[in-house]
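**Q** Quick one: structure below, then a few questions.
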Amino acid sequence: MAIIELQGITKTYKESSVPVHALRGIDLSIDKGEFAAIVGPSGSGKTTLLNIIGGLDRPTNGTVRIDGTDISTMKPEELIDFRLHHIGFVFQSYNLIPVLTAKENVEFVLLLQNVSRSERDQQAMDVLARVGLAERAGDRPSELSGGQQQRVAVGRALASKPSFVLADEPTANLDSTTAESLLDLMEHLNRDRAMTFVFSTHDPRVMKRARRILTLEDGMITSDARQDEQRP
Amino acid sequence: MLFGLAWRNVWRNRKRSLVIMTAIALGLSGGLFAVGVFVGIAESMVDSAIDRNLAHLQLHSHAYKANAVINNDLPNAGLLIDSLKQLRTVRGVSGRGVFDGMASSPTANTGVQIIAVNPQDEAAVSSIGRKINEGTYFEEVRQNPVLVGRKLAENLDLRLRSKLVLSFSGKDGSIIFVACRVAGIFETESSLFDGGTVYLRHEELTGLTGGEKLVHEVAIRLQSAEQVSETLASVSVMFPNVAVESWKDLAPELKLSAELTGVTMLFFLGIILFALLFGITNTMLMSVMDRVREFGVLMAIGMKRARVFNLIVLETLILSLTGGVIGGIVGALIVRTFASVGIDLSAFADGLSAYGISAVLYPFVPGEIYLQLSFLVIVTAVVAAVYPGFKATQMKPARAIRAYT
Ligand SMILES: Nc1ncnc2c1ncn2[C@@H]1O[C@H](COP(=O)(O)OP(=O)(O)OP(=O)(O)O)[C@@H](O)[C@H]1O
Ligand SMILES: [Mg+2]
C-alpha cells in the first residue's frame, strides 16, 4: 500500500520578481518499507519536494495523499497535528532544541502527543538505545558530535511512531565515516523495523545505499531506479 | 517539562534576561519604597490627628452638631463619661468644653478655640500633654494656667507665665473674660492647630459659666484603632440620644486621603509596570527572533501554534516574576529597614507641619499592595507576551528551516 501518493504536483514560488518553477509536475508513489533517496543537482527541487510531502509547504497544483488522507486541503492547525502523528522529520541542521538534553529532545515530541510522563520516560530511553545513545541521554546537543546530534534527531523522528521519516540531506554536515554510520542506523531501522525512509542527498555514497533512487532535474523526476540489495 | 524548557530558555541569553529582570526589580523596589513613603505620610496624618485631638470616637449632642454654640452642651455628661470608662475597649475618655472665642495679649489678639478639659482625663485620650516642649502640663502656675500652641505664642508674643485674656460669650450672651497665665507651650505636627487652640482646666471655668461644668464633646480613645466600628456600634446603642461618630466621620478628608493613597499608589505602580512592559516585550521579541529556526522546527515536528504561544507566555511570566519577586523582596527590605529607623524629615518639618505630618516618617506598605502588585506583574507579563508570542506562531516551518546559513 502506498503511504505517500503525489499527483500532478507543481510548485511555483511567486514571491520573487520572476516566478520560480521549482516543481513541474511530479507523480510519485512510495510504499511502506521503502528506503528511497531523492537525488539531483542543487536547485533541482529536492527540498521543495520533501517539504510538500511532509506538509510543511503547499503545492501550487496537485494532490498529496499521506496514509490515504489528502493533506493539501487541511487547515494549518490540522496539518500540524497530522505531522505530529504521521511524519518524522530529520533536517540538515538545527534539528534539536539546544537547551534540552538528548533524552528530553526525544521526549518532547511525546509530550506534544500528550503521552503520560512515565511512558514518555521509558519510550525516550528505548529510542535512545535504538540509536545507540543511551549513555548520552543527559547530554545537551552542544556536548554531542554532529553525527550524534543527527542520531538524536532520528530518534526523535522515530519516537512519534510515524508512518515514515523524511530526511533532507541528513548527512550533509557530517564527515564520511559519520555519514556512513548514520546511514547504517537508518538502514538497520528500515530493515529490522520496517521503517520507511525518504531522504535527499548529494552524496554518491549515500545514494548507493538507497534501494530506490529518484532523480530530480529542473523540477521533474527524470529517473526512478530500484536497485537490488547490495549486501548479501 | 514545558516549564523546564521555558525556564532554560529564559537563561539562554543570561545577560539579556538579567538586564530586564534588574530593570523590573529596580522599578518595583523603588516603586514600593515610594508607596511606603506615601502610605507612611497618609498614616502619619491620620495617626497624628487622632493623637492630637480627634481621638477615635466623639460624642456630641445632636443640637451641637447642628449648631456648635455654648448652649448646646451634653446634659449629664459626668454620668455618661463614667459609664463609657467601663467599656472594655476604651482606653480613655475626656469630656471637653469647647468655646469659640478670642485670646488677647498686650500686643495682639486672635480668634481661638478654647478647650476646657480635666487634665488627667485628657492625658488618657490625646497626646497634648506629651507635646509640651516648654513649661509644664498645667503645673507651676497657680491661677488659671493655660496651654497654648507654639504658633499662637509666637503670634501673640507670649512666653511662659505671660498673661493673656480669653473671652467668649456665655450662655446668656454676655461676654466672659478669663485672665490666664501660660503654663505650657505645645507643639504638635499641625501648625494650624497650634495657632488656634488654647487648653484650659474645666475647674477654672465652672465658676464663670454659672457653676455647671459644660461639656460639649466627649472624646474616646480606644485600646486599638481596629475597635472603632465595634465600639461605635455599642456606644450608639447605649446612648441613642447622642451623636456618636468615629474619626472617619469627623474628619472625612483624612479618611479620603488615606483611601485615595491606596488607589493612587496602585496607579503609580501600574505606570511603572506599563513602562517596563515595553522593555519586557522588546526582550522577548529579541529572544523570539533569535529562535526563528527553532520555532520552525518545533512547528514542523508538530507543536501547535497555541502551544508555541503558551511557551512564550510562560517564558515571559518567568522573566517578569523572577524580576518581580526580587524587586518585591528588595523593596520590602528597604521599607522595613526605614520603618524601623524612620526617615528624618526634620529639615522639611516646617513645611510639613502645615499638613499635620510628623517630622519622622515611618514608611509602610500594606500587605494587600503586594498581592495587587503580583497580580499586576502577571497581567503585565501576559500583555507583554502577546506580540512576541504572536510573532513566534507566524513562523513558516518551511521558510524557517530553509534559512540555513
Ligand atoms: N522561498 C523561495 N522563494 C523563491 N524561490 C525559492 C524558494 N525556495 C526555493 N526556491 C527556488 O526553488 C528552486 C528549488 O529549490 P530547492 O531548495 O528545492 O532545491 P534543492 O534541490 O533542495 O537544492 P539544494 O541541493 O541546494 O538544497 C531553486 O531554484 C530555489 O532557488
Ligand atoms: Mg535542498
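The values are calculated or read from the model by the stated rules, or taken from the named source; none is laboratory data. No experiment lies behind these values; they were computed from the predicted model shown. Please note: Cβ atoms are built from the backbone with ideal geometry, for glycine as well, and neighbour counts cover all protein chains shown. Accessible surface areas use protein heavy atoms only, side chains included; no ligands, DNA or RNA. Shrake-Rupley method; radii C 1.70, N 1.55, O 1.52, S 1.80 Å.
**Q** Quick one: Cα convex hull volume of chain B, Å³ per residue? Could you put the intermediate results ahead of the total?
**A** Numbers: hull volume 71.0 nm³, N = 405.
Per residue, the Cα convex hull of chain B comes to 175 Å³.
**Q** Looking at chain A from every direction and averaging, what is the projected area of its Cα convex hull in nm²? Walk me through the numbers on the way to the answer.
**A** Details: hull surface 52.3 nm².
Result: 13.1 nm².
**Q** Right, something else. Using modelled backbone amide H atoms (1.01 Å from N, in-plane), which distant-in-sequence or interchain residues come within less than 5 Å of residue A:29's amide H?
**A** A:6
**Q** Considering Cα pairs under 8 angstrom that are at least six residues apart, work out the relative contact order of the range B:69-215 and quote it in whole percent.
**A** On the way: 306 pairs, mean separation 42.4, N = 147.
The value is 29 percent.
**Q** I want to check the label-to-label distance for residue B:346 and residue A:193. Put each point 7 Å from Cα in the C-beta direction and report it in nm to one decimal.
**A** 8.1
**Q** Another question about this same structure. Using a Gaussian network model of chain B with C-alpha springs under 10 Å, which one of B:340, B:17, B:94 is most mobile by mean-square fluctuation?
**A** B:340
**Q** While we're on this one: Given a cut-off of under 8 Å on Cα pairs at least six residues apart, what relative contact order in percent is computed for the range A:46-200?
**A** Details: 214 pairs, mean separation 44.0, N = 155.
Value for the range A:46-200: 28 percent.
**Q** Points 7 angstrom from Cα along the Cβ direction at residue A:224 and residue B:14: gap in nanometres?
**A** Calculated label separation equals 5.5 nm.
**Q** Same structure, new question: Using the Karplus curve 6.51 cos²θ - 1.76 cosθ + 1.60 with θ = phi - 60°, work out ³J(HN,Hα) for each residue of the range B:218-227 in order, rounded to whole Hz, and write x for Gly and Pro.
**A** Values, residue by residue: 10, 9, 10, 9, 9, 4, 8, 5, 6, 8 Hz.
**Q** For the range B:1-76, run through the chymotrypsin sites (Phe, Trp or Tyr not before Pro) and keep only the ones in DSSP coil with at most 15 other Cβ atoms within 10 Å of their Cβ.
**A** Working: sites: B:3, B:7, B:11, B:33, B:38, B:64; in loops: B:11.
Qualifying residues, ordered by number: B:11.
**Q** Non-local amide H neighbours of residue B:162 (under 5 Å, H modeled in plane, Pro and chain starts lacking H): which ones?
**A** Under 5 Å from the amide H of residue B:162: B:182.
**Q** Got a sec to turn the phi values of the range B:150-156 into Karplus ³J(HN,Hα) couplings, 6.51 cos²θ - 1.76 cosθ + 1.60 with θ = phi - 60°, whole Hz, x for Gly and Pro?
**A** My calculation for the range B:150-156 gives 4, 5, 5, 4, 5, 5, 9 Hz in order.
**Q** May I pose another question? For the peptides A:147-153, B:324-330, what is the packing order when you average, over each peptide's residues, the other Cβ atoms within 10 Å and list the highest mean first? Numbers along the way, then the final one.
**A** On the way: A:147-153: 24.7, B:324-330: 19.4.
Going by the mean number of other Cβ atoms within 10 Å, highest first, we get A:147-153, B:324-330.
**Q** Now for a separate question. Over the range B:129-250, give the accessible area per residue in Å² for a 1.4 Å probe, as an integer. Let's see the in-between values first.
**A** Values: 5800 Å² over 122 residues.
Per-residue accessible area for the range B:129-250 comes out at 48 Å².
**Q** Estimate the FRET efficiency between residue B:69 and residue B:266 by the formula 1/(1 + (r/R0)^6), using the beta-carbon distance for r and 60 Å for R0, to the nearest 0.05.
**A** Details: r = 44 Å, r/R0 = 0.73.
With R0 = 60 Å, the Cβ-Cβ based efficiency is 0.85.
**Q** Sticking with this one: Note down the net charge around residue B:51, summing +1 for each Lys or Arg and -1 for each Asp or Glu among other residues with Cβ under 15 Å from its Cβ. Kindly include the intermediate steps, with their values, before the conclusion.
**A** Details: positive: B:52, B:91, B:130, B:131, B:221; negative: B:43, B:47, B:122, B:187, B:189, B:194.
Surrounding charge for residue B:51 is -1.
**Q** Per-residue ellipticity at 222 nm for chain B, helices alone: DSSP H runs ≥ 4 residues times -39500 (n - 2.57), over residue total, nearest 500 deg cm²/dmol? Mind dumping the intermediate values first?
**A** On the way: 16 runs with 220 residues, N = 405.
Taking each H run of at least 4 residues, the total per residue is -17500 deg cm²/dmol.
**Q** If the viscosity is 1.002 mPa s and the temperature 20 °C, what Stokes-Einstein diffusion coefficient in µm²/s follows for the protein assembly as shown when Rh is the Kirkwood radius over Cα pairs?
**A** Values: Rh = 31.6 Å.
For the chosen part, D equals 68 µm²/s.
**Q** Turning to a different aspect of this structure: Quick one: which of B:126-138, B:43-55 comes out on top by average Cβ neighbours within 10 Å, and what's the full order, highest first?
**A** Averaged packing, sorted descending, gives the order B:43-55, B:126-138.
**Q** Sequence-distant or interchain residues sharing an amide H contact under 5 Å with residue B:112, placed H: which?
**A** Those qualifying (amide H under 5 Å, at least 5 residues apart or on another chain) are B:101, B:102, B:103.
**Q** So if R0 is 45 Å, what FRET efficiency would residue B:108 and residue B:275 give, r being the distance between their Cβ atoms, rounded to the nearest 0.05?
**A** Working: r = 54 Å, r/R0 = 1.19.
Approximately 0.25, to the nearest 0.05.
**Q** From other protein chains only, count the Cβ atoms within 10 Å of every residue's Cβ in A:159-167, then give the mean.
**A** Details: counts 1, 2, 0, 2, 0, 0, 0, 1, 0.
Taking all residues of A:159-167 together, the mean is 1.
**Q** Relative contact order for chain B: what is it in percent, counting Cα pairs under 8 Å that are at least 6 residues apart?
**A** Values: 723 pairs, mean separation 108.7, N = 405.
Averaging sequence separation for qualifying contacts and normalising by length gives 27 percent for chain B.
**Q** Tally the DSSP beta bridges in the protein assembly as shown and give the antiparallel ones as a percent, rounded to 5. Provide the component values of the computation, followed by the final result.
**A** Values: 63 of 91 bridges.
Bridges in the protein assembly as shown are about 70 percent antiparallel.
**Q** In whole Å, largest first, what are the principal axis extents of the Cα atoms in the range B:69-215?
**A** The Cα atoms of the range B:69-215 stretch 45, 36, 28 Å along the principal axes, largest first.
**Q** Residue by residue through A:88-98, how many Cβ atoms from other chains fall within 10 Å of the Cβ on average? If you can, show how the numbers build up before the last one.
**A** Working: counts 2, 6, 0, 9, 3, 3, 8, 6, 2, 7, 5.
Taking the mean over all residues of the peptide, I get 5.
**Q** For residue B:85, what is the net charge nearby, where nearby means another residue's Cβ is under 10 Å from its Cβ and Lys, Arg count +1, Asp, Glu -1?
**A** Details: positive: B:91; negative: B:82, B:121.
Surrounding charge for residue B:85 is -1.
**Q** I would also like to ask the following. Could you work out [θ]222 nm for chain A from helices alone, using -39500 (n - 2.57) per DSSP H run of at least four and dividing by all its residues? Round to the nearest 500 deg cm²/dmol.
**A** Numbers: 7 runs with 80 residues, N = 232.
Dividing the helical sum by the residues of chain A leaves -10500 deg cm²/dmol.
**Q** Related question: If you restrict to DSSP beta bridges whose two residues both lie in the range B:69-215, what percentage is antiparallel, to the nearest 5?
**A** Working: 25 of 35 bridges.
Bridges in the range B:69-215 are about 70 percent antiparallel.
**Q** Given the options A:47, A:178, A:12, which has the most mean-square fluctuation in a GNM of chain A, springs set between C-alpha atoms less than 10 angstrom apart?
**A** Fluctuation is largest for A:12.
**Q** Multiplying the sequence separation of residue B:130 and residue B:172 by 0.36 nm and subtracting their Cα-Cα distance, what value in nm do you get?
**A** Details: separation 42, 0.36 × 42 = 15.12 nm, distance 3.60 nm.
Full extension of this stretch gives 11.5 nm more.
**Q** Also, I was wondering about something else. Once both labels are modelled 7 Å past Cα along the beta-carbon direction, what's the residue A:205-residue B:203 spacing in nm?
**A** 11.6
**Q** What is the antiparallel percent of DSSP beta bridges lying wholly in chain A, to the nearest 5? Walk me through the intermediate numbers first.
**A** On the way: 22 of 40 bridges.
In chain A, DSSP labels about 55 percent of beta bridges as antiparallel.
**Q** Less than 19 Å from a label point 7 Å out along the Cα-to-Cβ axis of residue B:255: which backbone N atoms in the range B:28-42 qualify, by residue?
**A** B:42
**Q** Next up: Per residue of A:75-84, what is the mean number of Cβ atoms on other protein chains within 10 angstrom of that residue's Cβ? Walk me through the intermediate numbers first.
**A** Values: counts 0, 5, 3, 1, 3, 12, 2, 1, 6, 6.
The per-residue average across the peptide is 4.
**Q** Now, a different point. What is the list of residues in the range A:78-103 whose amide nitrogen lies under 18 Å from a point 7 angstrom out from the Cα of residue A:163, following Cα to Cβ?
**A** Answer for this model: A:78-90.
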